[in-house]
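Below is one structure, written out as structure tokens; the observations come after it.
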Amino acid sequence: MVVGAFPMAKLLYLGIRQVSKPLANRIKEAARRSEFFKTYICLPPAQLYHWLEMRTKMRIMGFNAAAVKPLNEGAAAELGAELLGEGIIFITACSCLMLEYWRHQLKQRRKEKERRIAREELRGEMGHLGLALEELQTQVQATQMQLALEELRAQLQEVRAHLCLPDPPPAPPVVPASEK
């Protein structure tokens, strides 16, 4: 089926991710212009990121990184806006991955439920077939016994004919228990 080969959900997720990049750029521009964004949203993460980065670099090079000079406001606002934009793209990508994972899990659960129902239906059908088989075996055994009885009667009549004995009155036919 062609629909299964081209999943629309994946195309939708890709579109959302592509839209998130320009959205992140617009938010970065708004963050650079707005004092509230700049002061409370961009600057603190940028200063923290700068502090961690500088301490890590200094320790790797073998220096003591006791005091790290903070970034100026312009550079911190620029770095904070970049971090915000990258964070939005990252969160959007993670959200798409989580949605895809949940969709896949739901699909797996649905398939497992269908398999379980099919197994239970097959077990029920096997039970019915087993009962039908037992009934047929009982009928076959009864038929075989009746045929054997008739064969014995025929042989008895032949023996009596050889011995010239009169035939006894005919016996009533035996009705199997399953037909009563």
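Among the listed pairs Lys21/Lys57; Lys10/Lys38; Lys10/Lys111, give every one whose C-alpha distance is greater than 24 Å.
Pairs exceeding 24 Å: Lys21/Lys57; Lys10/Lys38.
So how much accessible area does Met58 have, in Å² to the nearest 10, using a 1.4 Å probe?
60 Å²
Tell me the per residue accessible area of the chain using a 1.4 Å probe; a whole number in Å² is fine.
Counting only protein heavy atoms, the per-residue value for the chain is 82 Å².
Using a 10 angstrom cutoff on alpha carbons, build the Gaussian network for the chain and name the most mobile of Gly15, Gly87, Gly62.
Gly62
Give a quick list of GluC sites (Glu not before Pro) in the range 47-88 that DSSP marks as loop, anything other than H, G, I, E or B, with at most 13 other Cβ atoms within 10 Å.
none
Report the local net charge at Phe37: Lys and Arg +1, Asp and Glu -1, summed over other residues whose C-beta lies under 11 Å from its C-beta.
+2
Give me the distance between the Cα centres of the range 91-129 and the range 28-68, rounded to whole Å.
The range 91-129 and the range 28-68 have Cα centres spaced 47 Å from each other.
Answer with a single label: of (1) 14.6; (2) 11.5; (3) 27.0, which was calculated as mean projected area of the Cα convex hull in nm² from the structure in view?
Evaluating mean projected area of the Cα convex hull in nm² on these atoms matches (3).
Take the alpha carbon gyration tensor of the range 43-87, find the square roots of its eigenvalues, order them as a ≥ b ≥ c, and report rounded if a/c is under 1.5; if not, report prolate when a/b exceeds b/c, else oblate.
Judged from the Cα gyration tensor, the range 43-87 comes out prolate (a/c at least 1.5, a/b above b/c).
Quote to one decimal, in nm, the extra length available between Met145 and Leu11 on full extension: 0.36 nm per residue of separation minus the C-alpha distance between them. Intermediate results must be reported in sequence, preceding the final value.
Working: separation 134, 0.36 × 134 = 48.24 nm, distance 7.15 nm.
Computed gain between Met145 and Leu11 is 41.1 nm.
Evaluate E = 1/(1 + (r/R0)^6) for Lys111 and Gln137, where r is the Cβ-Cβ distance and R0 equals 41 Å; express this FRET efficiency to the nearest 0.05.
0.60
Taking all protein chains in place and a 1.4 Å probe, what share, in percent, of the accessible surface of the range 11-82 do carbon and sulfur account for?
The computed percentage sits at 64.
So what are the ³J(HN,Hα) numbers for the range 80-89, from phi and the Karplus equation (6.51, -1.76, 1.60; θ = phi - 60°), rounded to whole Hz, Gly and Pro as x?
Once rounded to whole Hz, the list reads x, 5, 5, 4, 4, x, 5, x, 5, 5.
With the crude spin-label approximation of a point 7 Å out along Cα→Cβ, what separation in nm comes out for Met54 versus Met98?
Result for the modelled spin labels: 3.4 nm.
The values are calculated or read from the model by the stated rules, or taken from the named source; none is laboratory data. Just so you know, these numbers come straight off a predicted model, no measurement behind them. Cβ sites come from the backbone with ideal geometry, for glycine too, and all protein chains shown count toward neighbours. These accessible areas exclude ligands, DNA and RNA; they are computed on the full protein's heavy atoms, side chains included. Shrake-Rupley method; radii C 1.70, N 1.55, O 1.52, S 1.80 Å.
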